[in-house]
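Nothing in this text is a laboratory measurement; each read-out follows from the coordinates by a stated rule. All of these numbers come straight from a predicted model, not from anything done at the bench. All Cβ positions, glycine included, derive from the backbone under ideal geometry; neighbour counts span all protein chains shown.
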Amino acid sequence: MQRDGAVAVIVVDNPPVNALKHEVRAGMLEHFTKAAADNSVEAIVLTGAGRTFMAGADITEFGKPMKPPGLAEVIAAIEKIHKPTIAAVHGTPLGGGLEVTLGCHFRVAAPGTRLGLPEIKLGIIPGAGGTQLLPRLVGVEKGLAMILSGDPIPAKDALAAGLVDEIIEGDLVKGAVAFAKKVIAEKRPLRHVRDLDDKIAPFRAHPDKFNEAAANVSKKSRGLEAPLAAIEAVRAAVTLPVDDGLKRERELFMKLVVGEQSKAQRYIFFAEREAAKIPDMPSGLKPREVARAVVIGAGTMGGGISMSFANAGIPVTVVETNEEALKRGFDTIQKNYQISVQRGALKQEEADRRFALLTGTTSMDAVKDADIVIEAVFEEMEIKKQVFGALDKLAKPNAVLATNTSYLNVDQIAQTTKRPKEVLGTHFFSPANVMKLLEIVRGKETAPDVLATAMAVGRKIGKVPVVVGVCHGFVGNRMLSPRQNQAERLLLEGALPRDVDAAAVEFGFPMGPFAMSDLAGIDVGWRIRKALGTRNEIADQLADKGRYGQKTGRGFYIYEKGSRSPIPDPEVEEIIVAASKRLGIARRVIDKQEIVERLIFPMINEGAKILDEGIAYRASDIDVIWVYGYGWPVWRGGPMYYADHLGLAYVRDQLAKYAKVSGNKSLEPSPLLTRLAAENGSFASFGAKKSAA
Ligand SMILES: NC(=O)c1ccc[n+]([C@@H]2O[C@H](COP(=O)([O-])OP(=O)(O)OC[C@H]3O[C@@H](n4cnc5c(N)ncnc54)[C@H](O)[C@@H]3O)[C@@H](O)[C@H]2O)c1
């Protein structure tokens, strides 16, 4: 605690982000109490040292008994103070950090501050008054939106919403002290947020609004408990006296914080951070500077990848084979930005600024200026080799050369250059401007600083990069393949597309495997199989008939014009039943549990092989890939976590059973799964051992 005249300034100093651990809570309580009792203190400013005001709770304390004082107790003590209390925030006042400010009379912020309640992202809700106080300050709609999205808002918006009272240019503490002195001089009325009512009162007569919100959220949140609890808590803010509301919030919070969902979400939170660590990197390695990117190909992926760079403020040149393809690519990019503007997600000036960072050309010479080149041309080895041959001739000596291939061998591509050390894979996911996952494919010869550069660039453009090794399909697509095989196999044994998809959706995926095939286009795999001279039983028959999925209005399902809702089709059923008959497979009723396990356990089995081969460094990397790239329900923590949770012996036994029932050898448990199950081990411990080694 410092003094500036009659103003006491309490500074929280717990690097790096002033997390609200026990000592911080106790320190705040002590100093607020002291300042309140000191008659020479006329106002109290609370601020944080270093790069941010308190950025939230100490997550490692979650789920354990909390050492008193709890945060709610500290805030209640601040609320009892009868002299002006002012929170002066900068950086990212988040979660508990923001809740503390809601206990103060006033909030002032440095420009550039981002304020929010991100608890929902960890499967919980704010537990120290956030759900009760924020709506009183900013209104129910805004408050609920902030709590449900978990995304922080910039200081400017916070000022407009009433969350902060003033934005302070220049020295924050000095400005806050001046603000405090003004409050004292003007004898401004002191009202605590808990006593405000005007912004929530209008909702009291409309409890149906909360039912509507709940119905919307249930549709979107695919089994998550926290969003519904958040709505319940805000409803309590409106319908109950404040102390009862706080009690209700506490009950909802406590239930979530000890629950399985939040545990899984916290696991993924740490798994994402763990994925940033590459075990054998020399320490002190610096990524290379990346100021300019070139993307080769303006197709589906090239366009999205270019947008990701432009969105992060990195100028990017897109190279195409001809003007027509270039125009098509740029039209799509512009349309995408326009849609964001229309939806209100992006301001027109911002869209224009981003679009202006994109340049198109048909000359490969553009590559000369690039610090990183990302190739996203057709998935054909010969074309990739041509492109990399040209890159080798034109690119700067220290440019990172990356391929977006989905399946091709990155080492082979690297070998077509004289600088395989500079080559790696950057496997984006579609739509590349939206999807967070980025598989970074480390080649045999990829230099450590090239890898580090790709990781750093990935993070800079808002992705979650995960390092994987070279193999067919890398981690994600390689694990997807046995799932698709089993999905089709289930059709032959007695299920229908809608049964399989419904089971997958009930498990928590955004869509089932057949709806996904229809969305991606059944013809994609069909063409690949044709080229390879292989065939699959059902999908290829559909493609033969021109049923490519959504784009032709028919696939595994029927789609009415302009609609994306799948309607079951008797013709497809006939094709399936006939295929079973032709193959001599007796159709049977397959229950939901078997469907889910036959979709998911083969993926886990493949994940075990991937771990065993060292294609992924750790099981948690595989989980991050599935959560961020393939819609695995985050509250189930990823496939490997899920397997550990079920017990590996169970997964092993079920796989062995299904291998027998379906006569499908590929379902037999892998050596690593068998070994870990016998040892009563887990994928998590296997990964940990490897990282430690
Ligand atoms: N579509 C997906 O969902 C997806 C996802 C991940 C990775 N990938 C991979 O990304 C790559 C691109 O896929 P896509 O779906 O964007 O394909 P696409 O067919 O939509 O686009 C490819 C583009 O590359 C251009 N092109 C071809 N040869 C070129 C050359 N020599 N120089 C410059 N441009 C050239 C084509 O004109 C075309 O516009 C492939 O390797 C694919 O496997 C695709």
Inset, instruction - With a ≥ b ≥ c taken as the square roots of the eigenvalues of the C-alpha gyration tensor of region 222-359, please select rounded if a/c is under 1.5 and otherwise prolate if a/b is larger than b/c or oblate if it is not? - result: oblate
Legend entry - HN-Hα J in Hz across region 496-510 - Karplus 6.51, -1.76, 1.60, θ = phi - 60°, x for Gly and Pro: 10, x, 5, 5, 5, 5, 4, 5, 5, 5, 4, 5, x, 6, x
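So for region 617-660, what are the equivalent ellipsoid semi-axes in whole Å, largest first, each being the square root of 5 times an eigenvalue of the Cα gyration tensor? Intermediate results must be reported in sequence, preceding the final value.
Values: eigenvalues 95, 23, 19 Å².
Semi-axes (√(5λ), whole Å): 22, 11, 10.
Using the Cα gyration tensor of region 340-494, with a ≥ b ≥ c the square roots of its eigenvalues, what is the shape: rounded (a/c below 1.5), prolate (a/b larger than b/c) or oblate (neither)? Show your work: numbers first, answer last.
Working: a/c = 1.86, a/b = 1.12, b/c = 1.66.
Since a/c reaches 1.5 but b/c is at least a/b, the shape of region 340-494 is classed as oblate.
In what sequence, highest mean first, do 370-378, 678-686, 51-59 appear when ranked by Cβ atoms within 10 angstrom? Could the numbers behind the result be given before it?
Working: 370-378: 23.2, 678-686: 16.7, 51-59: 21.6.
Ranking, from highest mean packing down: 370-378, 51-59, 678-686.
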Inset, instruction - Report the dimensions of the chain along its three principal axes from the alpha-carbon atoms, largest first, rounded to Å. - result: 89, 60, 55
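Would you calculate, for the chain, the mean residue ellipticity at 222 nm contributed by helices, counting each DSSP H stretch of 4 or more residues as -39,500 (n - 2.57) and dividing by all residues, to the nearest 500? Don't skip to the end; give the middle numbers.
Values: 30 runs with 352 residues, N = 693.
Only helices count here, giving -15500 deg cm²/dmol.
Hey, with R₀ at 35 Å, roughly what FRET efficiency would Glu30 and Phe269 work out to, going by the Cβ-Cβ distance, to 0.05? Before the final figure, lay out each step's value.
Values: r = 31 Å, r/R0 = 0.88.
Given R0 = 35 Å and the Cβ-Cβ separation, E is 0.70.
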Inset, instruction - List the residues of region 81-100 whose backbone N lies under 14 Å from a point placed 7 Å from the Cα of Met66 along the Cα-to-Cβ direction. - result: 95-100
Inset, instruction - With a point put 7 Å past each Cα toward its Cβ, work out how far Ala145 is from Glu324 in nm, to one decimal. - result: 4.4 nm
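Provide the net charge surrounding Arg483, with neighbours chosen by a C-beta distance below 13 Å and charges set as Lys +1, Arg +1, Asp -1, Glu -1. Can you show the working numbers first?
Numbers: positive: Arg478, Arg489, Arg598; negative: Glu488, Asp501, Glu597, Glu606.
For residues surrounding Arg483, the net value is -1.
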Inset, instruction - For helix 208-221, report the angle its Cα long axis makes with the longest principal axis of the Cα atoms of the chain; keep it between 0 and 90° and round to the nearest 10°. - result: 40 degrees
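Could you rank the peptides 180-188, 326-334, 128-136 by their average count of other C-beta atoms within 10 Å per residue, with the highest value first? Don't skip to the end; give the middle numbers.
Working: 180-188: 14.8, 326-334: 16.8, 128-136: 28.2.
Top of the packing list down: 128-136, 326-334, 180-188.
Taking neighbour counts of Cβ atoms within 10 Å as a proxy for exposure, in what order, fewest first, do Leu144, Leu196 appear? Before the final figure, lay out each step's value.
Values: Leu144 26, Leu196 16.
The most exposed by this proxy come first: Leu196, Leu144.
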Inset, instruction - Take the Cβ-Cβ distance between Arg527 and Ala37 as r, set R0 to 56 Å, and report the resulting FRET efficiency rounded to the nearest 0.05. - result: 0.10
Legend entry - Proximal charge balance of Lys181 [Cβ under 10 Å; K/R count +1, D/E count -1]: -2
Inset, instruction - May I ask for the net charge around Ala55, where only other residues with Cβ less than 15 Å from the Cβ of Ala55 are counted and Lys, Arg are +1 while Asp, Glu are -1? - result: 0
Legend entry - Options Ala370, Gly525, Phe330, ranked by Cα towards positive dipole end of the chain, top entry (Cβ charges): Ala370
Inset, instruction - Once you have the Cα-Cα distance between Lys592 and Met281, take 0.36 nm times their residue separation minus that, and quote the gain in nm to one decimal. - result: 107.5 nm
Legend entry - Extension reserve of the Lys396-Val661 stretch, reckoned as 0.36 nm per residue once the Cα distance is removed: 89.7 nm
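What translational D, rounded to a whole number of µm²/s, comes out for region 55-201 from Stokes-Einstein when the hydrodynamic radius is the Kirkwood one over Cα pairs, at 20 °C and 1.002 mPa s? It would help to have the intermediate numbers written out before the result.
Numbers: Rh = 15.6 Å.
Diffusion coefficient, whole number: 138 µm²/s.
With only alpha-carbon pairs counted, each pair once and no self-pairs, how large is the Kirkwood hydrodynamic radius of region 48-133 in angstroms? Intermediate results must be reported in sequence, preceding the final value.
Values: mean 1/r = 0.0747 Å⁻¹.
By the Kirkwood definition, the hydrodynamic radius is 13.4 Å.
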Inset, instruction - Would you mind checking region 27-59 for residues with the amide N under 18 Å from a putative spin-label position 7 Å along Cα→C-beta of Lys187? - result: 42-43
Legend entry - Gyration tensor over alpha-carbon atoms, region 519-629, equivalent ellipsoid semi-axes in Å: 30, 19, 17
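So if each residue of separation counts as 0.36 nm, and I subtract the Cα-Cα distance between Ala49 and Asp157, what length gain in nm does that give?
Details: separation 108, 0.36 × 108 = 38.88 nm, distance 2.38 nm.
Extra length available between Ala49 and Asp157 comes to 36.5 nm.
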Legend entry - Rough spin-label spacing in nm, given labels placed 7 Å along Cα→Cβ, for Asp243 and Ile585: 6.5 nm
Legend entry - Simple label model, 7 Å out from Cα along Cβ direction - Ile339 to Val434, nm: 0.6 nm
Legend entry - Distant-in-sequence amide H partners of Ala57 (H built 1.01 Å from N, under 5 Å): Leu20, Gly96, Gly97
Legend entry - Nearest-0.05 FRET efficiency for Met1 and Gln415, computed from C-beta distance (R0 60 Å): 0.40
